[in-house]
Structures are given as structure tokens and as C-alpha cells.
2 protein chains.
Amino acid sequence: MLSTMQDVPLLISRILTHGSTVHGTSQVITWTGEGEPHRRSFAEIGARAAQLAHALADDLGVTEGDATATLMWNNAEHVEAYYAAPCMGAVLHTLNLRLATEQLVWIVNHAADKVVIVNGSLLPLLAPLLPQLPTVEHIVVSGPGDRSLLDGARPRVHEYEELIAGKPTTYDWPELDERQAAAMCYTSGTTGDPKGVVYSHRSIYLHSMQVNMAQSMGLTDADTSLVVVPQFHVNAWGLPHATFMTGVNMLMPDRFLQPAPLAEMIETERPTHAAAVPTIWQGLLAELTAKPRDVSSLHQVTIGGSACPPSLMKAFDDLGMRVCHAWGMTETSPLGTVARPPAAVEPGSDEEFAYRLTQGRFPASVEARLTGPDGAHLPWDGESAGELEVRGPWIAGAYYAGAGTGTGTGTDAGGAPLRPADKFSEDGWLKTGDVGTISPDGFLTLTDRAKDVIKSGGEWISSVDLENAIMSHPDVAEAAVVAVPDTKWGERPLATVVLREGASADLEALKAFLAGKVAKWQVPERWTLIEAVPKTSVGKFDKKVLRRQYADGELDVTSF
Amino acid sequence: MLSTMQDVPLLISRILTHGSTVHGTSQVITWTGEGEPHRRSFAEIGARAAQLAHALADDLGVTEGDATATLMWNNAEHVEAYYAAPCMGAVLHTLNLRLATEQLVWIVNHAADKVVIVNGSLLPLLAPLLPQLPTVEHIVVSGPGDRSLLDGARPRVHEYEELIAGKPTTYDWPELDERQAAAMCYTSGTTGDPKGVVYSHRSIYLHSMQVNMAQSMGLTDADTSLVVVPQFHVNAWGLPHATFMTGVNMLMPDRFLQPAPLAEMIETERPTHAAAVPTIWQGLLAELTAKPRDVSSLHQVTIGGSACPPSLMKAFDDLGMRVCHAWGMTETSPLGTVARPPAAVEPGSDEEFAYRLTQGRFPASVEARLTGPDGAHLPWDGESAGELEVRGPWIAGAYYAGAGTGTGTGTDAGGAPLRPADKFSEDGWLKTGDVGTISPDGFLTLTDRAKDVIKSGGEWISSVDLENAIMSHPDVAEAAVVAVPDTKWGERPLATVVLREGASADLEALKAFLAGKVAKWQVPERWTLIEAVPKTSVGKFDKKVLRRQYADGELDVTSF
């Protein structure tokens, strides 16, 4: 039987039109670092997005499917670009300004970006790279910054405000296929070239609805959201779209991401919601401790990117800021889970706090399963640990092939598979690379990265759990546990330990200390003292260095 | 550029699987009229829906696309049928037990229902009709009622519990096309045969997300929803699906829809949300006035179907029950608008109350426009009145052709158009038949039905506004205004008035009374005194009788 429903596509232009009319008085507030912040209504954003689209189409020759890049902070103009490019049928490509310049060059070339819209303050980063970016035909500059850096630039240079001035303030947005590309974002993998994830209108639309569902962030026009998470980081977790869907005001920090201005904007603009990674909140907490301010407006703080330390969560509770964990990744748009405890749990109880420390609960649109060491799917019992695999309408099923190279399957121009077996299951689920458990009521607890887990005799041992157990000994400054080959068990854990100055404990004492803290069969037989745990550029344990050092016999290992 | 997102369909089976696992402990609570209500967890509902699907497929021969009807009250078994039929690929057809029996027979035959699942208490309605229902092969009876009424019935008769007993409690739900039919509902139009609206998996899924968005009903697992609106009335406004998406408990009144049991279930089960038409709430208010009870748990009462009188809204405010207007119709799934005032409006103010009395605000997925008497689209200025037209992924674009008769376009077997020009615009929008205004911030105020509005010289006059103005005179008991032909203006209003006993006012006085209350050009020239306004079977003014009486010269009209 056929449905009699209208066949209306889920398009970002619908979100824009809705937001700029029904919620036309809602605002994007951009911090300027001096005096009053800049305020622009959703109605103005809608008019200017239309003007930008006309400029892209008429003056810069952007047509359907063309990649239009942004190298920008969070601000009103970046929101305009968020709508102009996808609504006209082009593809918004947000460039991560924290990347190494070689990666940035690689990504721009892989996406074949035709236009780059850039904040003036970021010209020192972009200008030197232009000779290596042959696809870029136009540079559009917005906001303060030294334009002379672009003198002699090969691409044509435009001033953002001059470019859009006088253009029509409405645009007859095309009725696109909802599965068409709308935006793209590259993952900065630790190995290999970056991988492009291409979001569709459909995926972004559905994700925006989910963000606004009461069980997720539940935002309405009564909210102002402080969007600290960068717009180049998985679409700022979907907030620029979700806010237009329900009239949520956006407070944008632009380049003022330091604790002091963040504290000031919270105190003066009184946002009700904020979203950022834990590092930002650690800095803010230190700032608020040194110089107390009224941050009580923030009744919902979404923390993702990595786990929020319990101490930080408690500290924010004491300040009246309620932290809510969320988990996701570039490949998941990113909303995968949100840690709202079940309603039956008593507020303020230890049980509630334990729920808040999980990564969160899956919404209906994100199917999840755990795959164990032998490939079997594991029960949701809160104990069986496996690699998390997810499926859903806003979850990636492949990586981008590169401009002009095909269909999203097979390999890209360089021969790399677009559905690598370590990232996608045979039946099309995304392998997240995260290892953890799921409780019967659908709460995810991540314990390790799949590449760091120790596969011992058909069971998995969490390296993170072992590290935490060892580091709870007062004499231990740092500990990293890595898998090493073992003839009997396949893999076994190697404990590498950094002792505190003046420590008296030895390795035997540390091993004995683990009794009762972890299962007996998980206790490492191999131990070594090291000077310091090798770290990556962002300060994470660099376990591949330890594995290599072990393989090369560089570590002095005691087995007992 | 191609998106790299997974192509996952939006299916009702996903809602069921999610609800019965992640929210497996949430409950459907069915009132029994005596002692403890019956409680069934979402996990049990999921298992029993799978059992029912196996029974439908294996024992009753239901296959993909077959219409499976329900003639049931709101209860747990009805929820099971809501999931079993659509998830397996069949089509749930909810039969309205309030319809005239001729309409019921017509509808069952038009949909070619193969199975009817019926509550035992409704056998007195169904049994006598069976000889006229040749497509019905199976009757499945659930709950108390006299089975002997089915003695000698032609279709095979089954007991619901016996039918599902022993069947597997899981079902490998098929991966359907999301645009496939999932459920159907017939509109009981005032003229012509009923029209079938066929919802898709996609439309129901998206509608469920919208219901749970914070700006709409915003329900979570902290809520218990008292679902008074019948499951045969536009899918109980989407609640049986929306609740499984976020774990909302459902409180189901079964056949106990009288004010006293409703008051009792509110007091004892403490629902946080309720949904029903105003008539139900009028009765409940009288009950609560006569016998006060604690109804303070109800912080959100969704009222739709027709407008809530301001006095009723205020009375419920005083009881701590917050009424929220919503507007929709069978063709809109039904969520069209929800009257949550803008956040900037002061709570408790007259302005806020005025917003609450509107039909509400459109969400992003419902596009709206007003079409004036000349076919032009009118501005959203809160003043220009036109017929409301809507468009969106859960809005009907046609009516059902009938079993085996085609594609949803053209005409049905009886020659009736499936996209009649008075219901669908040429570009595919649904013409709602409602006339009203839209404010700049997207709030809809309905003033009249399109068929009752007076089209005078290219402007529209609301019959309802004139009636309210005339009825505000103390001597007037009732007044109905209808359009009559006028050579100069096309149409002009005719005022028909019923005076109170002992009234002294005459028609001239009434006409003079309108000065300043309505625009001068809207004041009727034609007036008549009548004994009583003719009414329909449900008590609404029957204006077509008045129009006919005027045309036939039966009314004694004074023109001045």
C-alpha cells in the first residue's frame, strides 16, 4: 500500500527559512573582546546568508556540489556560511585551524576547495599555504586582520562585506535531494591521511531534531547556547543548525577562547547552555576559583570530546553549573549518546552521579552493538566489554573519495579503501574504535580505545582500567599499560610505571597492590620502570612508542 | 558530491526496538475500572508485539501491505497492534468506534481490511456489521465482552491471548522502505464519503521526534502521559510512537472516559502530561469542582481538536494544570502547531495568555502559508486572513484510492479525485479549510472555516467574529452568520439571531451595537430573527441548513 504523505525533502534551507522568520528575533551574539558584543538577529543572518549565496553563485562561480571552505572562528559570519553554501547546493567544508599545515594543505586539495572564507585573524596561517592550494580560486576575508599578507596571492581576494553588499536578501533555494552532500569534515586520524566525512541535508536535519529533543539537549527559544566547541569541529556538535530550528540564541566566542573572556561572557550574557571539551572547562574552573563570577545561568553544560573527570563535574555542580556528558565523533555527526540519568534515579544520589559519568544513553536513531574479541555480539549487561559499533541515519558509512573520484565505495585516488575494515563492519556499521560496556538500559561506558585494549586468551583487558588501578598507588606518578605479544595468551599487558620522587615502593609491591582491584587474570606479569610516559603533541599517552620500544628491546622488563 | 552517510530508513520497528530495550522498564498502564490498573512494561509490549506479528503472519496470513484493523479503546493490546502490524510491513487501520455504522462499513470495505482486532466490549457494535464486511477474514477479540455475539460469524474468530501464546517473543523485522504505508485513518468529512489518509514509516518517525522536541511536548522518561485522545483519532496524536522513542509511561483509560474515573486515575497515577479534546476537560472540570482532587501532577495538558475556551484555560491554571493549545488534523499526523508562548513574553501576563489562546506556532517541518480570496499569498502580519495551507514530511498530499486501485493520484474506484482541488493546491500543499491569520513570529490564529467565511468584495469576513460580536449583546441567546449572494459584493453576511426570553432589543439596536466592535464594511445589512440555530448531530451550528433556508426564501429577512 502506498502512503499518501507529501514527499518533502529534509533540507537545511528549511531550517534557515524557519529560523529567520518564525524565530527572526533570536540572536547570534559574537564576542568582540572590547565593549558590547556584536548582535545579529536570525532574520539578518537569513538575509545575509542569501546575499552570500548570490555572491558565491554569481561572482565566484560556485555551483552545486562545489566545496566551499571556511577557516574561521565561531562567529555570525561563519553561521552565514554554514547556511549559504549548503542551501544553494554547494558543500560547506570547515577547516580545522589547529591542524598541522601539511594536513591542512592535504585536506584542501583532497576536497578541491574552490573558495576559502577566512577570518582576517587567520591570514597568517592561510597566506603562506596558498601556493600549495591550486584548486582555490577565491579567498573571502572577514573581520579584522592584516590583508597585506595576501599581497601577490594567486587566488582572487574579496572582502566579505563588499562581496555581499547590495545582493538580494532572499534566494530561491533549490529543492535538493535530501541525501545530497551538505557539509564535510575531515577526521584527524593518528595514522594515515585524514579521512573526509560528508554529511547530507538529511543527516543534518535529523541530527538537529535530535539535539532539540527533550531527552538530548532539549533547547528552545528560552535558551542561549554558548558555543565554545569550534564550528570546524563536527559542525560545532550540530548547534548552528539546531538553534535555528527552535530559535535558540547563540553566544559565539570568536577567537576569545581564554578562561577570562569566557567567564566574562557567561557572567554578562547569561547563557543557559554551553558546549565544549573538558580542557576548556578545566581552564574556566581555575579562572572562577581565582576570580569568582556569577555563572549560575548555565544550567546545562554539554561536555564531549573526552571524558569529564569526576572532580571537574563535582566542582561545576558546586557552582550551579550542571555538566551533562555526551559522546560522539566526526563520523557520528556527532550525537551518539547523552548522559541524562533515568528519571527513576534519585537526584543527587551516588547512583545518579555514576550515570552522569557514563558516556550516556543512545537515542532511538542510533543503534548500537558491542563486538567482542571473537567477532560475536555481546549482551548489554554492563559487564561484557566489546568494540562499540553504531548504525543510523546520521552515522557515516564510508569516507570521501576525493573530488572527481567516484562513488563513495572502493578506494580513493590514492588507493586507500573508503570503507576500511577497521572502520566499517561487513554489514555497514561504523566501528568506533572505542571499547566499552552497555548497561541493560542503554547507557554506554567507554573503557579503552580498541587499539589499546589487551586481547588476552579471547578476553579483553582494559589498559585504562589497569592504569587507573596502578596510578591509585600513592608512589606512582604515571603508568601506561600496553599489549605485548604472548605465546600462550596471544597478548598480555605490560605495565610501564613512573614513580614519584622519593617513592619507596618497588614493582613487586605494585603488583601485590593490584590484588582485589582488578581480576586476578588481568594482573600484568611484565613490569618496567621508565622516566616518563611518552606523549603525543596534545598530551595523550603515546602508546605506539612504548610498543615499539618493547619490540625493539629498549625497555628493561621484569617478569614475575 | 555524494554524502558518505549510512542509508538507514526511518522505521517504526526502530522505535519499538529502542523503546522495548533502552526504555524496557517504562510502562503502559491500562485502567480496568476496578482495583489496581493493569501494568505492562515496554519490554513486555515489545515481546507481545513480536508474538502478535508472528500470529498475524503465520496464522492469519497477513502479508506486506495488508490492512489490519483495530476497533479498540486505548489500552496495552492496542499499543501492541500499533507496532505489530506496521513493523512487519502490514498497515494498521484504526477504526473510529464513534462513527455511524454505515460509515464504518464503507471504510472497512474501502480499506479492504483483512483482520479486525476488537475489544470484547465493542462486539455489540461490530458483530451486526460482519455480514456487510466481505474482506474481513479474521476477528481477534481482546478483553472482556460477550463472545456469543459472534456465534455464527462468517470470519474466523480468535482469542487475542490464545492467538499470541507460545509465539516467539522476537521478530526479525524487515528493512522496509521508509515511504511505505504504516498506518491509515479516515477523515469523517461532513460531505461525501470518508477520505483515507495513509501515513508512512517516515512520516510517523519524524512526527514522533517532533512531539518529543522541547518546543513541542518535550516528553522524556520522567513523564507519564494520560492518553485520553483515542488511538483511533489520528494515532492518538502520535503519542503511542513518541512515548516509545523516549521512554514516556502511558496511562490508558480504556473505556473509562467519564469524568469520575479520569479524575481518579489522575489523582492515583499522577500523570505529568495529558492529551484530549476540550469536551473531556469541560467534564473533568465540573467533576473536580463537585469533588476536588489532587491533579497537580499534570503540568502539561495538550488540548486540540477544537479551541479551548479561555474560561476553561483559566480554570485549569487555577488548579495547577497548565493547558497548551495544539492544532492539527487527520491530514497533518496531526501536529501542526503548539502554543508555547515565546520565551521573551512575561509569564502570567495578558500577552502570554493571548499567545496561549492562539492555535500555536509552526515547527520547522511544517511550512505554512495563507491564501487570500484572490489566490494571492498573504503576509504574516497577524491581520491578513486567508485559508491556511501547509506542507511538510508528515502532511498528506492526497487521499487513499482504495485497495487495488492505483497510485494515490487520479481518482478512486468510485471516480472521486484523490487530490480534490478544495483540499490540495496545484503545487501540492494541503488546503486545511481553516481560515485565520499568522503573526510575524509564526503563531496561527484560526478565525473560521473556509466554507463559512464571507467573501465580500475581495475581502474576507469571519462569520465567527461577527457571531461573537452579536452574541456579546445581553439580549442575544445565539447568533449564526452565513454568506448570502450579493450582486454588488459577491457575498454579504446574513445575521440570524435568537433572542433571549423577554429581550427588548430589536434588530436595529443589534446592528447599532456592532459599531466599533467590527469594521464598518463588515456590519451585515441582512438580519433575521429565528427560533433556534439549526445544529449538527454533534451540536455545531449547521450553517448549510441556514443557507438553504435563505435560498428557498424560508427566512423572513429585514434589510437595512
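The values are calculated or read from the model by the stated rules, or taken from the named source; none is laboratory data. Model, not experiment: these values are computed from the prediction. Virtual Cβ from ideal backbone geometry, glycine too; neighbours counted across all protein chains shown. All accessible areas refer to the heavy atoms of the entire protein, side chains included, with ligands and DNA or RNA removed. Shrake-Rupley method; radii C 1.70, N 1.55, O 1.52, S 1.80 Å.
Taking the Cα atoms only, what angle lies between the long axis of helix A:12-21 and the longest principal axis of chain A, rounded to 10 degrees?
With rounding to tens, the tilt is 60 degrees.
Normalized C-alpha radius of gyration of the stretch B:1-45, against 2.2 N^0.38 Å?
Relative to the rule-of-thumb radius for its length, the stretch B:1-45 sits at 1.83.
Given a 1.4 Å probe, how much area per residue of the protein assembly as shown is accessible, in Å²?
It amounts to 37 Å² per residue over the protein assembly as shown.
In the neighborhood of A:Ala343, defined by Cβ-to-Cβ distances under 12 Å, what is the net charge if each Lys or Arg adds +1 and each Asp or Glu adds -1?
-3
What residues does the stretch B:1-15 have that are buried by at least 30 Å² of accessible area in the full protein assembly compared to the chain on its own, 1.4 angstrom probe?
The answer is B:Met1, B:Leu2, B:Ser3, B:Thr4, B:Met5, B:Gln6, B:Asp7, B:Val8, B:Leu10, B:Arg14 - residues whose exposure falls by at least 30 Å² when every protein chain is included.
Just to be sure I understand: of the beta bridges DSSP finds with both ends in chain B, what percent are antiparallel, rounded to 5?
55
Bin by bin, in steps of 10 Å, what percent of the Cα pairs in the stretch B:338-422 do you find, going until the bin that has the longest distance?
The percentages, shortest bin first, are 15, 29, 29, 18, 8, 2.
For the stretch B:187-228, with all protein chains present and a 1.4 Å probe, just round the carbon and sulfur fraction of the accessible area to a whole percent.
Here it works out to 43 percent.
Any idea what the alpha-carbon Rg over 2.2 N^0.38 Å comes to for the stretch A:1-77?
Expressed relative to 2.2 N^0.38 Å, the Cα Rg reads 1.45.
Under the rule of -39500 (n - 2.57) per DSSP H run of 4 or more residues, summed and divided by the residues of the protein assembly as shown, what mean residue ellipticity at 222 nm is obtained, to the nearest 500 deg cm²/dmol?
-7500 deg cm²/dmol
What percent do you get for the relative contact order of chain A when only Cα pairs under 8 Å and 6+ apart count?
Here the relative contact order equals 9 percent.
Can you give the three extents of the C-alpha atoms in the stretch A:437-507 along their principal axes, from longest to shortest, in whole Å?
45, 35, 15
In terms of the ratio Rg/(2.2 N^0.38 Å) built on C-alpha atoms, what value belongs to the protein assembly as shown?
1.02
Using Cα positions and a limit of under 18 Å, work out the lysines in reach of B:Lys520, with same-chain residues fewer than 8 apart set aside.
Result set, ordered by chain and number: B:Lys455, B:Lys488, B:Lys511.
Given axes a ≥ b ≥ c from the Cα gyration tensor, I'd like to know whether the stretch A:278-347 is rounded (a/c under 1.5), prolate (a/b larger than b/c) or oblate.
Cα axes put the stretch A:278-347 in the oblate bin.
Would you mind putting A:66-74, B:156-164, A:178-186 in packing order, based on average other-beta-carbon counts within 10 Å, highest first?
Descending packing order for the listed peptides: A:66-74, A:178-186, B:156-164.
Give me the inter-chain shielding for A:214-225: mean count of other chain Cβ atoms within 10 Å, whole number please.
6
Using the Cα gyration tensor of the stretch A:360-400, with a ≥ b ≥ c the square roots of its eigenvalues, what is the shape: rounded (a/c below 1.5), prolate (a/b larger than b/c) or oblate (neither)?
Taking the square roots of the gyration eigenvalues as a ≥ b ≥ c, the stretch A:360-400 is oblate.
Treat the stretch A:171-278 as a sphere of radius equal to its Kirkwood radius over Cα pairs and apply Stokes-Einstein at 25 °C in a medium of 0.890 mPa s; give the translational diffusion coefficient in µm²/s, rounded to a whole number.
Reported coefficient: 159 µm²/s.
Using Cα pairs closer than 8 Å and at least 6 residues apart in sequence, work out the relative contact order for the stretch B:485-560, in percent.
Contact order relative to length: 33 percent.
Pull out a ≥ b ≥ c, the square roots of the eigenvalues of the alpha-carbon gyration tensor of the stretch B:292-386, then state rounded if a/c is under 1.5, prolate if not and a/b is larger than b/c, and oblate in the remaining case.
Because a/c hits 1.5 or more and a/b exceeds b/c, the stretch B:292-386 counts as prolate.
Could you give the Stokes-Einstein D for the stretch A:454-559 in µm² per second, using the C-alpha Kirkwood radius, 37 °C, 0.692 mPa s?
Once the numbers are plugged in, D ends up at 236 µm²/s.
To check you understand DSSP bridge types, tell me what percent of the beta bridges within the protein assembly as shown (both residues inside) are antiparallel, rounded to 5.
Of the beta bridges lying entirely in the protein assembly as shown, close to 55 percent run antiparallel.
To the nearest 10 degrees, how steep is helix B:201-212 against the longest Cα principal axis of chain B, on a 0 to 90 scale?
70
So which lysines can B:Lys423 reach, going by Cα to Cα under 18 Å and dropping same-chain residues fewer than 8 places off?
B:Lys195, B:Lys431, B:Lys451
Calculate log10 I(q)/I(0) of the stretch B:354-493 for q = 0.12, 0.15, 0.19 Å⁻¹, where I(q) comes from the Debye formula with a single equal point scatterer on each Cα and nothing for solvent.
So the normalised log intensities are -0.60, -0.86, -1.13.
What does the net charge come to around A:Pro174 if you take all other residues with beta carbon closer than 13 Å to its beta carbon, with K and R at +1 and D and E at -1?
-4
Quantify, in whole percent, the carbon and sulfur part of the accessible surface of the stretch B:454-559 (1.4 Å probe; protein heavy atoms only).
For the stretch B:454-559, the apolar C and S fraction of the accessible surface comes to 50 percent.
Quick one: if you take sqrt(5λ) for each eigenvalue of the C-alpha gyration tensor of chain A, what semi-axes come out, biggest first, whole angstrom?
42, 27, 25
How much net charge surrounds A:His377 when only other residues with a Cβ under 9 Å from its Cβ are counted (Lys, Arg +1; Asp, Glu -1)?
It works out to a net charge of 0.
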